[in-house]
1. Could you check how many residues of segment 11-30 are free of Cβ contacts under 8 Å to residues at least 24 places away in the same chain and surrounded by 11 or more Cβ atoms within 10 Å (Cβ to Cβ)?
2. With the requirement that a residue be assigned to a loop (DSSP other than H, G, I, E, B) and closer than 28 Å to residue 65 by Cα, what does segment 12-53 give you?
3. All but one of (1) loosely packed, with under 12 Cβ neighbours inside 10 Å; (2) touching a helix residue (DSSP H, G or I) at 6+ places or on another chain (Cβ under 8 Å) hold for residue 38; state the number of the condition that does not hold.
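FYI, it's all coordinate maths here, none of it is from the lab. This is a predicted model, so every value here is computed, not measured. Please note: Cβ atoms are built from the backbone with ideal geometry, for glycine as well, and neighbour counts cover all protein chains shown.
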């Protein structure tokens with residue numbers, strides 16, 4: 001079960017970082033090597049929207065799986 005909780009924590013943290021970087025328009029995030037192709041393809045504003053949605057989806061998935069796993073624990 002530890003692996004499940006670890007994966008959920010990573011998903012939740014990744015989603016929170018992506019969402020907060022999009023909300024606060026973090027240069028360190030959008031100028032990183034992994035995000036630059038997305039910014040070039042969609043532009044900065046659309047990339048922020050995309051990463052905000054990705055962050056919300058990641059956090060929602062982490063919470064969904066947490067609820068599923070915690071129900072299986074009982």
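1. Counting residues in segment 11-30 that are free of Cβ contacts under 8 Å to residues at least 24 places away in the same chain and surrounded by 11 or more Cβ atoms within 10 Å (Cβ to Cβ) gives 5.
2. Answer for segment 12-53, where residues must be assigned to a loop (DSSP other than H, G, I, E, B) and closer than 28 Å to residue 65 by Cα: 34, 35.
3. Among (1) loosely packed, with under 12 Cβ neighbours inside 10 Å; (2) touching a helix residue (DSSP H, G or I) at 6+ places or on another chain (Cβ under 8 Å), residue 38 violates only (1).
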